[in-house]
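Each remark here refers to the structure printed beneath this line.
The values are calculated or read from the model by the stated rules, or taken from the named source; none is laboratory data. What you are looking at is a predicted structure, and each value in this text was computed from that prediction instead of being measured. Because the Cβ atoms are built from the backbone with ideal geometry, glycine has one as well, and the counts that use them run over all protein chains shown.
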Amino acid sequence: MSVIKSKKKKRFIGNLLRGSFLWILSFAMLMPLLWMVTAALKSNSSIMSIPPEWIPKEFHWENFPEGLAAVSFFPRFLNTVFISIMCVIGQVISCSFVGYALARIRFPGRKIWFYLFVGSMMLPSMVGLIPVYRLWTALKALNTYWPLIVPAFLGSPFYTFLIRQFIMGIPRSFDDAAKIDGAGHVRILFQVIMPIIKPAVITIVIMQFQASWNEYLSPLIYLIDGKKWTLSLAVASYSTLYAVEWNKFMATDLVYMLPTLILFFVAQKYFMQGLGSLTTSGLK
């Protein structure tokens, strides 16, 4: 009995220390978000007060509509939603086809293509910045959404790798059964494979939506007309060098980050399954 009690005591102490450590890390990560919320509800002068006030004495709810109006939030919100959704659709379609081909279709040089895909992830995105810009300039596509959307339909090495790893873990007997019923590759992909690899697809949706939503450099380079700006450009332009209304800036930034937070919490279960199952089939 004493041995059992000592084991329970050690397990309790270990869980207590582990839980305390996680609580400290969680608090450290939530501190900036909590400060953003309190700053969005303060007056601009009270933000820099010493000692800092975590709970505002007066709640300035007007910071939200005034901040959103200053950046023309809703037109640029629609621009960002359109670009993000189109990029998500492009990545899911293109990476699913390529990942399926690399995992299921036998063709000469398949392994070489796979190694090239994996190797291309090592290249920084800045390498092709100037050549790609010159290409879009030659196509007269500056100040349009084409440079922001079309690359998504050409796929991503990481997302392709993710899809391929999931499909590799699915038994080929599924494909054989579908082929007996007369299904081709496209039908097998969309009716057999895609429902099974749903965690991987949702992971791609979340990561690509977040990446497109927060993309700053590409809109800055290609979008000249302010009416076509995305929210990342609009929010960044709100802060000036000499005078920044930090309370309204924080309020606008808080609303700006809400869609990605909501999407993550809604699909959190599938997202964790997708990241945790890179080398498995995703089957329970």
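Structure notes:
- Residues of the stretch 96-126 that are under 28 Å from Tyr216 (Cα atoms), outside any helix (DSSP H, G or I) and touching a residue at least 40 places away in the same chain (Cβ under 8 Å): Met121 alone.
- Within the set Ala236, Ala243, the sole residue that is in the same structural domain as Leu142 (by TED's automatic domain parsing), modelled with pLDDT under 90 and either outside any helix (DSSP H, G or I) or buried (at least 21 other Cβ atoms within 10 Å of the Cβ) (or both) turns out to be Ala243.
- Restricted to the stretch 127-218, the set of helices (runs of 4 or more DSSP H) holding at least 1 residues that are touching a residue at least 12 places away in the same chain (Cβ under 8 Å) and within 26 Å of the chain's Cα centre (by Cα) comprises 129-138, 146-149, 157-168, 198-214.
- Considering each residue of the stretch 51-65 in turn, none proves to be among the aromatic types (Phe, Trp, Tyr), in contact with a Pro (Cβ under 9 Å, 6 or more places away or on another chain) and either part of a helix (DSSP H, G or I) or closer than 19 Å to Met257 by Cα (or both).
- Test: residue in the stretch 119-129 that is within 23 Å of Val201 (Cα to Cα), touching a Phe, Trp or Tyr at 6+ places or on another chain (Cβ under 8 Å) and surrounded by 12 or more Cβ atoms within 10 Å (Cβ to Cβ): no
- Asn63 vs. criteria in contact with an Asp or Glu (Cβ under 7 Å, 6 or more places away or on another chain) and touching a residue at least 24 places away in the same chain (Cβ under 8 Å): no
- Condition check for Ile224: of a type in the set (Val, Ile, Thr), part of a helix (DSSP H, G or I), in the same structural domain as Phe265 (by TED's automatic domain parsing) and at negative phi: no
- Of all residues in the stretch 66-95, exactly one satisfies the criterion of being more than 15 Å from Tyr145 (Cβ to Cβ), of a type in the set (Ser, Thr, Tyr) and part of a helix (DSSP H, G or I), namely Ser94.
- Looking across the stretch 28-50 at every residue that is outside any helix (DSSP H, G or I), of a type in the set (Gly, Ala, Ser) and free of Cβ contacts under 8 Å to residues at least 40 places away in the same chain, the one that is surrounded by the fewest Cβ atoms within 10 Å (Cβ to Cβ) is identified as Ser45.
- Within the stretch 34-68, the set of residues being within 24 Å of Lys228 (Cβ to Cβ) and either among the β-branched types (Val, Ile, Thr) or under 26 Å from the mean Cα position of the chain (by Cα) (or both) comprises Gly67, Leu68.
- Per-region count, the stretch 130-145, residues surrounded by 14 or more Cβ atoms within 10 Å (Cβ to Cβ) and of a type outside the set (Val, Ile, Thr): 5
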